[in-house]
1. Select from the range 223-257 the residues that are hydrophobic (A, V, I, L, M, F, W, C) and either outside the structural domain of Val157 (by TED's automatic domain parsing) or under 24 Å from the mean Cα position of the chain (by Cα) (or both) and list them in ascending order.
2. Any residue in the range 266-278 that is assigned to a helix (DSSP H, G or I), touching a strand residue (DSSP E or B) at 6+ places or on another chain (Cβ under 8 Å), open to solvent by 10 Å² or more (accessible area, probe 1.4 Å) and more than 22 Å from Pro236 (Cβ to Cβ)?
3. Might you check whether a residue that is crowded, with 21+ Cβ neighbours inside 10 Å and more than 16 Å from the ligand (Cβ to nearest atom) occurs anywhere in the range 152-169?
4. Is one or more of the residues making up the range 305-323 open to solvent by 50 Å² or more (accessible area, probe 1.4 Å) and either assigned to a loop (DSSP other than H, G, I, E, B) or outside the structural domain of Ser152 (by TED's automatic domain parsing) (or both)?
5. Which strands (runs of 3 or more DSSP E) sit wholly inside the range 63-156 and have at least 2 residues that are in the same structural domain as Leu34 (by TED's automatic domain parsing) and in contact with a Ser or Thr (Cβ under 8 Å, 6 or more places away or on another chain)?
6. Could you check, for the range 14-24, whether at least one of its residues is over 18 Å from the mean Cα position of the chain (by Cα), open to solvent by 10 Å² or more (accessible area, probe 1.4 Å), closer than 30 Å to Ala265 by Cα and among the charged types (D, E, K, R)?
Amino acid sequence: KNLHVAIVGATGAVGVEMIKTLEKRNFPVGKLTLLASARSVGKTLPFRGSDIPITELKEDSFAGVDVALFSAGGGISKQYAPHAVQAGAVVVDNSSAYRMDPDVPLVVPEINAADIKKSRGIIANPNCTTAITLMALFPLHQEFRVKRIFASSYQAVSGTGAQAIEELRAQVHAVTAGQPVEKKVYPHQIAFNVLPHVDSFLETGYTKEEMKMQNEGRRIMHHPTFKASVTCVRVPVYRAHSVAVNAEFERPVSLKDAREVLSQAPGLELVDDPAKAEYPLPLYVAEQDDCQVGRLRLDCALDNGLAFWVAGDQLLKGAALNAVQIAELI
Ligand code: A2P
């Protein structure tokens, strides 16, 4: 049966990738409804060779919709996802609104696809940095049992949204032309800079983004004692997040076994030949479905520790692709 699919936030950085991913994976779309704010009414977006008009998101936008993919921020999801469910749609929500709700499965299909069955209408898509990290960490966990990780992220501006991509482009242009830099999205210049500040700060001094790794990681891996101390950093990269991870395991780790496990993991490519300067790079992993892992080494400061570097297109595996994969399983 062909499905009526709605995309909420269709004009956004993730929304546009959702449309492309539905097309690329030949998802059985019978009808596609593209929803955004009143600002976007009058615009169209291409799907399978035709131009689909954007309509304004309203409470009654979901009549007849089978699957609704949400990516317009947490507030919009909280407000409108219940209306979509009430209209009979299954919601895949890319925002953080429902991720920690015990009644809502939080799913990376390669890790916990079976959790989808417990859904009561909403399934949450994980944080992008968490999803990309877990693509490499979970296979290692299955082999060696992870206790805790220390990690630093190198996050692309497209994770913030379409306006942030434009801000980086405009700032690079301004700096190289010797003109004054304008800031709208970030509190500091992002061009030729790195910002140790992603999402808002908590009382502990960590940011919300940093705690998603532990909180969401526990749910996705079904590992309630998993610990993660993370520093999230925004870098002047358009697309694809990278994460430097130091992981400590219960069981002894060998490089040979780690390589073996990672080279067979679904949705992951092992790119690890430092002598040839081959390692995952955000520039090259951008627009790729698979995440990449490399720089594997036994950690010199942890017991049973492994250090690695994982990169992935956060608009795809961290968002649109993961959401469409979930929709395929429904
Ligand atoms: P619009 O383009 O009409 O503002 P991004 O994450 O790239 O910033 O994109 C956010 C997405 O969420 C866009 O598609 C945006 O639509 C949509 N959006 C933002 N606010 C609303 C709203 N109040 N109602 C519907 N869609 C919204």
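1. Across the range 223-257, the qualifying residues are Phe226, Ala228, Val230, Cys232, Val233, Val235, Val237, Ala240, Val243, Ala244, Val245, Ala247.
2. For the range 266-278, residues assigned to a helix (DSSP H, G or I), touching a strand residue (DSSP E or B) at 6+ places or on another chain (Cβ under 8 Å), open to solvent by 10 Å² or more (accessible area, probe 1.4 Å) and more than 22 Å from Pro236 (Cβ to Cβ): present.
3. Taking every residue of the range 152-169 in turn, at least one turns out to be crowded, with 21+ Cβ neighbours inside 10 Å and more than 16 Å from the ligand (Cβ to nearest atom).
4. The answer is no, given that none of the residues of the range 305-323 is open to solvent by 50 Å² or more (accessible area, probe 1.4 Å) and either assigned to a loop (DSSP other than H, G, I, E, B) or outside the structural domain of Ser152 (by TED's automatic domain parsing) (or both).
5. Strands (runs of 3 or more DSSP E) meeting the threshold: 90-93.
6. The answer is yes; a qualifying residue exists.
So that you can scan it fast, the table gives a plain yes or no per residue for (1) within 14 Å of the ligand (Cβ to nearest atom); (2) at pLDDT 95 or above; (3) outside any strand (DSSP E or B); (4) open to solvent by 80 Å² or more (accessible area, probe 1.4 Å):
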site: Lys31; (1), (2), (3), (4): no, yes, no, yes
site: Leu35; (1), (2), (3), (4): yes, yes, no, no
site: Arg39; (1), (2), (3), (4): yes, yes, yes, yes
site: Asp51; (1), (2), (3), (4): no, yes, no, yes
site: Thr55; (1), (2), (3), (4): yes, yes, no, no
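The values are calculated or read from the model by the stated rules, or taken from the named source; none is laboratory data. Given the structure is predicted, the values throughout are model-derived calculations rather than measurements. Glycine gets a Cβ as well: all are built from the backbone with ideal geometry, and neighbour counts include every protein chain shown. Calculation scope for accessible area: heavy atoms of the full protein, side chains included, ligands and nucleic acids excluded. Shrake-Rupley method; radii C 1.70, N 1.55, O 1.52, S 1.80 Å.
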